[in-house]
Amino acid sequence: MKILVTGGAGFIGSAVVRRAIADGHQVVNLDKLTYSANLENVASVADHAGYAFEQADICDEAAVRAIFAKHRPDAVMHLAAESHNDRAIEGPLDFVRSNVMGTAVLLEAARAHWNALEGAAKDAFRFHHVSTDEVFGALGEDGEFTEATPYDPNSPYSASKAGADHLARAWHRTYGMPVVLTNCSNNYGPFQFPEKLIPTVITRALEGKSIPVYGDGRQVRDWLHVDDHAEALLLVVQKGRLGETYCIGGDASKRNIEVIRMLCEHLDGMAPANTPHADKIAFVTDRPGHDFRYAIDSSKLEAELGWTPRMPLLAGLEDTVRWYVENPGWVDGIRQRGFQSERLGLVKA
């Protein structure tokens, strides 16, 4: 299968690219190379005969159509998106443009490509829209998100992703486009840009800086290792039922403060400092609109396609800490491009 992966130089997208190549697929990586994209993430497959890279903006209709015409993919896995909640608070229109308009442009280009196919090639084509559990809003102390959970986004980021989800469904229902959707829980693992919680904790601890914890740190997230997620996504694009949504979770719910303390324990063992790393924890003003709890029920995916997460959280966190400790040059490269882990997303009067 030749797969067009959008956002393939990003964190989750690059994991999909690496896994797809390992599984014997051909991959066309379409990425704009914004601040959080990094071609080092796909360096291990860059010289593979089945890999091609195209730098383009998914909002550029002419460029996207040209890529479809050049490569004639058998499937699309759409992961390109602005994804950081703090940045969305400061610049919401960038998120609407990329996540909503970009998805619409990509859907239209894919529809034109699909309509031009014939026979078995047309029947086999798939458009996989990859989304987040944040579109469902926040949970209380119990319960889990399912495919039937009503949408209730609370941030500019989650609202933009909800809009993209609705567009993908609309293209399926209106035009008959062969679409599948997935909504995932919080991802973690190697190559994650150091603005998200887990790499923020690790990289700041390694640099001897304070470790910021939003609010009281009691927010709950379901943690999914990125390699498990990539496996699930490739399974869905090949075998998922058209028009269906599949929730993908890690079955590893923890409070943020618990995860941070687990990371600090791993750091104490791999990169000891003069004092325990947990001594650097600093509670800071919470993010506006910060959802309290997310948790995902993946039973539909397990029942239909046989997928379950493989990586236990404790082992996954240890693996992630070790990767950042052993790859300081990757983080240094990001610092050299101007990223300094400054706080974003505080609403100013």
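The values are calculated or read from the model by the stated rules, or taken from the named source; none is laboratory data. Since this is a predicted model, take the numbers as computed values, not measurements. Counting neighbours? That spans all protein chains shown, and the Cβs are built from the backbone with ideal geometry, glycine included.
For Gly143, the conditions (1) modelled with pLDDT of 95 or more; (2) on the phi > 0 side of the Ramachandran plot all hold with the exception of (1).
The condition of being at pLDDT 95 or above, under 17 Å from the mean Cα position of the chain (by Cα) and of a type in the set (Asp, Glu) does not hold for Asp123.
Search the range 52-65 for residues that are free of Cβ contacts under 8 Å to residues at least 12 places away in the same chain and on the phi < 0 side of the Ramachandran plot and pair each with any residue that is surrounded by 16 or more Cβ atoms within 10 Å (Cβ to Cβ) and not in a helix (DSSP H, G or I) when their beta-carbon atoms are under 8 Å apart and the residues are at least 6 apart or on different chains. Within 8 Å, the pairs are Ala63/Ala56; Ala63/Asp57. Counting the residues of the range 108-156 that are touching a residue at least 60 places away in the same chain (Cβ under 8 Å), touching a Cys at 6+ places or on another chain (Cβ under 7 Å) and assigned to a strand (DSSP E or B) gives 1. In the range 287-302, is there at least one residue being among the aliphatic types (A, V, I, L, M) and more than 19 Å from the chain's Cα centre (by Cα)? No: the range 287-302 contains no residue that is among the aliphatic types (A, V, I, L, M) and more than 19 Å from the chain's Cα centre (by Cα). Candidates in the range 313-349 are the residues that are in a loop (DSSP other than H, G, I, E, B) and exposed (fewer than 13 other Cβ atoms within 10 Å of the Cβ); of these, the one that is modelled with the lowest pLDDT is Ala349. Applying the set (1) under 22 Å from the mean Cα position of the chain (by Cα); (2) in contact (Cβ under 8 Å) with a residue 12 or more places away in the chain to His277 leaves exactly one unmet item: (1). Mind checking whether some residue in the range 46-55 is part of a loop (DSSP other than H, G, I, E, B) and buried (at least 17 other Cβ atoms within 10 Å of the Cβ)? No, the range 46-55 contains no residue that is part of a loop (DSSP other than H, G, I, E, B) and buried (at least 17 other Cβ atoms within 10 Å of the Cβ).
Would you confirm, using the coordinates I've provided, whether Val220 is in contact (Cβ under 8 Å) with a residue 40 or more places away in the chain and more than 23 Å from Asn41 (Cβ to Cβ)? For Val220, the condition - in contact (Cβ under 8 Å) with a residue 40 or more places away in the chain and more than 23 Å from Asn41 (Cβ to Cβ) - is met. Contact map, the range 68-93: residues that are in contact (Cβ under 8 Å) with a residue 12 or more places away in the chain paired with residues that are acidic (Asp, Glu) and assigned to a helix (DSSP H, G or I), Cβ distance under 6 Å, separation 6+ or inter-chain. Pairs shown: Glu82/Asp94.
As for the range 239-249, it holds at least one residue that is on the phi > 0 side of the Ramachandran plot and in contact with a helix residue (DSSP H, G or I) (Cβ under 9 Å, 6 or more places away or on another chain). Among the candidates Arg255, Arg241, Arg310, Arg287, the residue that is basic (Lys, Arg) and either surrounded by 17 or more Cβ atoms within 10 Å (Cβ to Cβ) or modelled with pLDDT under 95 (or both) is uniquely Arg287. Among the candidates Thr200, Thr182, the residue that is crowded, with 23+ Cβ neighbours inside 10 Å and either farther than 27 Å from Ala9 by Cα or of a type in the set (Ser, Thr, Tyr) (or both) is uniquely Thr182.
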